[in-house]
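J.: Just dropping this structure here.
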Amino acid sequence: MDRGKLSRRDRLVKEKRHDTYQQPGKWPEPTVCRECGSLFQSGRWSWRKPPKQAHKILCPACQRIADNCPAGYVEIRGTYFIEHREELLNLIFSEEKLEKTEHPIERIMSISHEDDRTVVTTTGVHVARRIGKALLHACHGDLSMQYGDDENSIRVYWTR
């Protein structure tokens with residue numbers, strides 16, 4: 001037998017990474033989230049009023065919240081945040097509102113205060129990045145972002 005023509009079967013196959021919270025196909029249209037009321041129609045999520053005959057599911061954002069599985073982490077450190085806490089929390093919520101208005105799947109999950117840092121968890125990468133950029137634009141400081149291997153997760157660090 002010619003060794004050159006044999007294929008190796010012991011090779012590791014690199015699996016394609018995927019987002020567990022992304023539907024493999026399309027939801028039937030129209031589909032409404034039974035938790036938040038967002039509507040999936042024409043290939044996207046919106047806040048339009050759903051028709052009565054819409055399919056009912058749990059949208060990806062509500063599913064992430066239920067599973068406590070954030071896609072984004074925004075870590076905020078420094079005395080500036082402590083001194084301007086209320087003002088910066090208002091900025092964070094304003095950025096979420098702007099993003100969520102256009103993209104219902106992008107939301108803040110929680111805000112926790114731990115020792116010398118505040119951590120904002122989000123249902124999507126876009127709102128986390130938007131919050132980090134807003135903090136940098138409004139207050140300067142240092143900003144860094146690290147995407148996960150699959151680019152379905154992000155860690156944003158802001159310090160001042």
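What follows is calculated from the coordinates using simple rules that are stated; it is not laboratory data. This is a predicted model, so every value here is computed, not measured. Don't worry about glycine lacking a Cβ; one is built from the backbone with ideal geometry, like all the others, and counts go over all protein chains shown.
J.: Excluding residues on the same chain fewer than 8 positions from LYS52, give the aspartates and glutamates whose Cα lies under 20 Å from its Cα.
T.: Leaving aside aspartates and glutamates fewer than 8 places away in the same chain, those within reach of LYS52 are GLU29, GLU35.
J.: Direction-averaged shadow area of the convex hull around the Cα atoms of the chain, nm²? Don't skip to the answer; put the middle values down first.
T.: Numbers: hull surface 58.1 nm².
Averaged projected hull area, Cα only: 14.5 nm².
J.: Counting only DSSP beta bridges with both residues in the chain, what percent are antiparallel, rounded to the nearest 5?
T.: Details: 23 of 32 bridges.
In the chain, approximately 70 percent of DSSP beta bridges are antiparallel ones.
J.: Place +1 on the Cβ of every Lys and Arg and -1 on the Cβ of every Asp and Glu in the chain, take the dipole about the Cα centre, and give the residue among VAL156, LEU58, LEU98 whose Cα lies farthest towards its positive end.
T.: Farthest towards the positive end: LEU58.
J.: Follow-up. Determine Rg/Rh for the range 92-145; Rg is computed over alpha-carbon atoms and Rh is the Kirkwood hydrodynamic estimate from the same atoms.
T.: Numbers: Rg = 11.2 Å, Rh = 11.6 Å.
Reported Rg/Rh, Kirkwood definition of Rh: 0.97.
J.: Give me the base-10 log of I(q)/I(0) for the range 69-159 at each q in 0.12, 0.23 Å⁻¹, Debye formula, one uniform scatterer per Cα, rounded to two decimals.
T.: -0.31, -1.17
J.: Do the sum for the chain: with -39,500 (n - 2.57) for every DSSP H run of n ≥ 4, divided by all residues, what is the mean residue ellipticity at 222 nm, to the nearest 500 deg cm²/dmol?
T.: Rounded to the nearest 500, the figure is -9000 deg cm²/dmol.
J.: With a cut-off of 8 Å between alpha carbons and a minimum separation of six or more residues, what is the relative contact order of the chain in percent?
T.: Working: 265 pairs, mean separation 34.5, N = 160.
Here the relative contact order equals 22 percent.
J.: Roughly how big is the chain's charge dipole about its Cα centre, with Cβ charges of +1 (Lys, Arg) and -1 (Asp, Glu), in debye to the nearest 20?
T.: 960 debye
J.: If you line up the long axis of helix 85-102 against the longest principal axis of the chain, both from Cα atoms, how many degrees apart are they, to the nearest 10?
T.: Tilt relative to the chain: about 40 degrees.
J.: In nm, to one decimal, how far is the LEU89 label point from the GLN22 one, both placed 7 Å along Cα→Cβ?
T.: 3.4 nm
J.: Testing the spin-label approximation: label points 7 Å from Cα along Cα→Cβ at GLU75 and GLU102. State their distance in nm.
T.: Between GLU75 and GLU102, the label points sit 2.9 nm apart.
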